[in-house]
Amino acid sequence: MADDEKLVSLGFSDQLPSAQGLLQGQSQFSVSQVPVPAANIEQQVVVNKKLQAYGLHLHFQSVLPIAMDRAVKEIVSSIVQRSVSIATQTTKELVLKDYVMEPDETLIRNAAHLMVARLAGSLAHVTCKEPLRGSISVQLRSSLQGLSISSELLEQAVQLVTNDNLDLGCVLIEQAATEKAVQTIDGEIAQQLSIRRKHREGVGSTFFDATLYAQGQMGVLPEALRPKPGHLSHSQQRVYEDFARFPGQNRSSQSSNAVPVGPSASSGSGGLPRQFASASGQISSGIYSSNLVNTGLGAIPQTLELGSDEIDIIGAPVPSSVPSTPITIGDGPQSLENDVITSFSPSSTPDLPVTEPSNSVKESGTAAQPNAALASERLGTNVSDPLLATGDALDKYQAISEKLDNLLSNDAKEAEIQAVIAEVPAVILRCISRDEAALAVAQKAFKGLYENASNSAHVNAHLAILAAIRDVSKLVVKELTSWVIYSEEDRKFNKDITIGLIHSEVLNLAEYNVHMAKLLDAGRNKAATEFAISLIQTLVINDSKVISELHNLVDALAKLAARPGSPESLQQLVEIAKNPASTTSALSPGAVGKEDNMRSARDKKATGLTGASREDYSAVELMDTDPAGFHEQVSVLFAEWYQICELPGANDSACARYVLHLQQRGLLKGDEISDRFFRRIMELSVSHCLSSEVMSSGSSQPHQGQPLSFLAIDIYSKLVFSVLKFGAVDQGPNKLSLLPKVLAVTVKFIQKDAEEKRSSFNPRPYFRLFVNWLLDLCSLEPVFDGANFQVLTALANSFHAVQPLKVPGFSFAWLELVSHRSFMPKLLTANAQKGWPYFQRLLVDLFQFMEPFLRNAELREPVHFLYKGTLRVLLVLLHDFPEFLCDYHFSFCDVIPPSCIQMRNIILSAFPRNMRLPDPSTPNLKIDLLAEISQSPRILSEVDAALKAKQIKNDVDEYLKTRQQGSSFLTELKQKLLLSPTDVARAGTRYNVPLINSLVLYVGMQAIQQLQARTPPHSQSIASMTAFLVSAALDIFQTLIMDLDTEGRYLFLNAVANQLRYPNNHTHYFSFILLYLFAELNQEMIQEQITRVLLERLIVNRPHPWGLLITFIELIKNPRYNFWSRTFTRCAPEIEKLFESVSRSCGGSKTVDDSVVSGGLPDNMH
């Protein structure tokens, strides 16, 4: 029976191409030509006509073929070797597993050829692009270095020519990898094919591969996915069939200048993919024609989703050599995600054991489709079209929006409206930064959605635009979900638009579900509750399948329904939502497709771990001291653990048995062997994770935004959790003794990786690992009594070891981790505040890292984001743990530069939650009579640490006690506050700021103690100004303000102002000191500087410390200080208006102009 007849008899499409057909259709280059590109390379290379204007056209025309030849030769070997190795290993394992009971070796060979050819070619293409770009550029510069033209012009020309010819080189390398992979896979599966031939020649029972069963690989598969005797089902075979139809990479036919055509072109290539076929099926030899592309793809409807895989099939003419029966995929144009799902027969879904290896990396539920995106990038565009900036895209969208509004107002035809909507993704695809442009345009479309919310046609058009943008940028779903969640109530609770967003699949329902459940606030938020009930009612009627994804929201409503007196209608609604009459819908094609999608996603992860990453594992740099064979043993153990994790319904007993097995092998004793064991697994996990990025990024320089597969990281974190959870019972409290060891291994690994990779360091695998541990390990109370604090402190020590100063590339992930909801609140509430010193140290680590940037106002984008994140963490602390900020304010102010006024204000504004602050603007407020004003605040920082370090504490104590006349202490004080010349450059100031802060607060505290000692507790005489006159302390303060220069005086006044906080005796005393110095030192320069220190803290955005407001109000209202007569308050009209404005906002008595508006500083000030 002929091969085609066999395929038809099995129910396959009659267009399944043979392996040779696939190879012939992919390119017209023979592998033997790769080292020396095709003979007509002079005709195939492209020299842009723009170079004629600069007289460079002939130069490039002569050197370009040679440069291309050398560039391809330089990188082809390593690219092909790696791509073929990964593709061959993956294909071999999957094909032999799927065809374990297939007796016909021809079917196996064809399937293996189809899969390995596509995998190897795709992988070679995405990994060769950037190295090839660099190699071509280097060769061209080397060949043209003798030209007498400017370097800038030459560089522009080189870049232009490189970009024009990059696809040609990629196709050459891709074809070499494809053909080499087919040759290699034949050798890998030859033995299995021979076994089947011998079985077919003899007479025996149904064939099966006994070796695979003996290895136990089939035992871990669910019954529904285990191979059955005989041939694969139609839906299973379609997985291999689809390899013939998947789009290639950014192929040459998608640009007008790079269709590589060689003399070996043939019209007889069955199953010729669209990338290298013209509309007529004939390829003209040795030419490049933009008409080729425009003809071949011109028939595609403009409404086609640009990232889909069906472009070659739907609407495009079929080459004459291809059988006339087309392969249809679903019902029409779809995205790549849905392509595989809809092509399966629902009835055979339980038999689905296969994967989708070509683009198999997923992160957080979002499919990674770099290849499809690249393939669509130039569709419908000409290479001469300039790339657009995001601003240009917004301008074009504005024009499209106006055109759409006109069509809607004139009741235009649906086809016209859809054609205009289709222009939006086309604009985005032409942008330099696609994701950035997509988000910017989506934000405009989202706002437009609500501008005419009552017009259903307007709403539906904007929903269609958002869905079209989603198809070209997967980031849109996440961002759009956050826009909905954090929008105003009139938008958030617009039921019709919300349902439209859900139906358009542009909302992340998992995130939306959690947020809405919390928003109900147990029914206290009436608007949210009414909206949720209405939303569920509508969805129950129109789209009951979505209800299962809103289970948190339904559960929250169920709790309301269970309350006495709740409406019966709500109880009925909850009952219907929890138990919908959906027996049929559960078996519907949509439900089956979802199940298929979940299974294929899991299988894809398994493929990435067991197959594609093996070469990466062997390439990891290993420690020479490890025993021989140790790495292989650990790899086997990790593979066994992976199988346990993937078992359906894996339970604690299986995990406990595995941990016991590790203990019996002596791997969990906490010694050096344990360190090596966890280090090796760490290497395997991180290597697998990062290899998935390289495979999906399309270049040799991975991008931080690319999706990663965190499968290995997740199962490693689960292993550590299981080891701690199921460790030997007799260890008792020491069951967690392994945790610091594991964390130490992790910290060293991160530090080593960051040191070696520097700017290319990727923190995401480690961030994922720590997040898993935070979520798992910090929930150990049910298992171990008192274990939580031990876990938290171990993690805190680890975070301190990888602080931003030591691993700058980990900064953003680090800040996210230390402020995580499973870490920061638990550490601050655990064991009666014993966790406070640990978190204080982490915050100091953060401030020390940011200090040089903030001091010099170098707020570039990364630092700006880190700064904003830090402010948000501080605001959370101010709201939830104000006492923490109160007690450690001194150590924080030591490391925050003076320029960070708002950040410092947040810390100084904290006050104990059991205290109610009196309004500072209350008329005739007597702060002396407040009960709290005589109490000392708790300060957990070591106030005199800097004094001890400089060995001047004894001198200060001596002077405060004796006030010895003629002492050299005051005259030498300024010199002691100066830094050494070597420290000045590093600190950015000539003064030792921590020493000044320490001196000011310590002297003030000692003065307050002396006051309290000589004043009876029941006496109110301390309230008078004269009661504060402790001569020795005032001598020190007056000496500092008089002897220091402008810089030193500013730092001294800042140290005083840092103590103006909530009502306590420190605030009271230092407020007096500032006012006393203002009144008694009748020097306007000093008075102006005191005013500046107070004023700059008041004109920034809130919050403002209570003591600061009290002091400034007293200064401007009390006639004793004669504030408004000072010349510096009227030195310029702007200054005068500023003072009047602040005076009015603080409740001052001076009349102010109503036109003056009090406000904060611009956003860029801090």
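The values are calculated or read from the model by the stated rules, or taken from the named source; none is laboratory data. Values in this document were obtained by computation on a predicted structure and should not be read as measured data. We place every Cβ from the backbone using ideal geometry, glycine too, and count neighbours over all the protein chains shown. All accessible areas refer to the heavy atoms of the entire protein, side chains included, with ligands and DNA or RNA removed. Shrake-Rupley method; radii C 1.70, N 1.55, O 1.52, S 1.80 Å.
Numbers for the structure displayed
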| quantity | calculated |
| --- | --- |
| Surface accessible to a 1.4 Å probe, per residue, for the residues of the range 402-508, Å² | 46 |
| Gain in span if fully extended, E74 to E402, counting 0.36 nm per residue against the direct Cα distance | 112.9 nm |
| I66 versus I432: modelled label distance in nm, points set 7 Å from Cα along the beta carbon direction | 3.4 |
| Difference of contour (0.36 nm per residue) and Cα-Cα distance, S548 to H57 | 170.4 nm |
| Amide H contacts of Y991 (H built 1.01 Å from N, under 5 Å, at least 5 apart or other chain) | L979 |
| Sequence-distant lysines (8 or more away, or on other chains) whose Cα lies within less than 24 Å of K953 | K961, K974, K976 |
| Out-of-range pairs (alpha-carbon distance over 31 Å; input K478/K545; K474/K826; K868/K948; K396/K545; K403/K526) | K474/K826; K868/K948; K396/K545; K403/K526 |
| Stretch gain in nm, segment S454-V984, where the contour uses 0.36 nm per residue and the Cα spacing is subtracted | 184.3 nm |
| Inter-probe distance in nm under a simple model that places probes 7 Å from Cα toward Cβ, at S967 and A628 | 7.5 |
| For C431, residues with placed amide H under 5 Å, excluding near neighbours | L388 |
| Local electrostatic count, P918, Cβ distance below 11 Å [Lys/Arg +1, Asp/Glu -1] | 0 |
| Within-13-Å neighbourhood charge of Y1062 [Cβ basis; K, R +1; D, E -1] | +1 |
| FRET efficiency, S759 to E568 (Cβ-Cβ, R0 56 Å, nearest 0.05) | 0.30 |
| Lysines whose Cα lies under 16 Å from that of K1117, excluding same-chain neighbours fewer than 8 positions away | K926, K1150 |
| Calculated FRET value between K748 and E1084, using beta carbons and R₀ = 56 Å, to 0.05 | 0.40 |
| From phi via Karplus (6.51, -1.76, 1.60), per-residue ³J(HN,Hα) for the range 834-840 in Hz, x at Gly/Pro | 6, x, 4, x, 5, 6, 4 |
| In sequence order, calculated HN-Hα J values of the range 189-199 (Karplus, 6.51, -1.76, 1.60; Hz; x Gly/Pro) | 9, 4, 5, 5, 5, 5, 4, 5, 4, 5, 5 |
| Modelled FRET efficiency - R0 51 Å, A389 with L647, Cβ distances, 0.05 increments | 0.50 |
